[in-house]
Amino acid sequence: MGEPLFPRDVLNRIKWTSGSSLTRAQVVILHRGAPGDRKKIPGSQIISVGHLFFETTEATIPLHRILEIWYDGKLLFDRGSVRNKESD
């Protein structure tokens, strides 16, 4: 089975896999106005993962704004890589 291509799948895999925890994750989102238009969100701030959005302690963020998902220092999702795979 290949790696999931959608950020929702990656976050849910982390959330529901035994021994894993969103607190060990970090999500990088597109955030206009932030330095480099990127903002890092610690997994400890993620409250829930929905169909189109994820909710943090500060905001509800559309999943399409996710650029990267890191877990224990390992890159699990990279929007640029997904775009490259789709164009192959």
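What follows draws every value from the coordinates through simple rules; no lab data is involved. Nothing here was measured: the structure is a model prediction, and the numbers come from that model. Quick reminder, even Gly has a Cβ in these numbers, built from the backbone with ideal geometry, and neighbours come from all protein chains shown.
For this structure, a couple of remarks:
- Computed over the chain, the ratio Rg/Rh where both radii use C-alpha atoms and Rh is Kirkwood: 0.95
- Label positions at SER44 and THR17, each projected 7 Å from the Cα along the C-beta direction, are separated by 2.2 nm.
- Rounded to the nearest 20 debye, dipole of the chain from Cβ charges on Lys, Arg, Asp, Glu: 140
- On the basis of the beta-carbon distance and an R0 of 22 Å, HIS51 and SER81 show a calculated FRET efficiency of 0.45.
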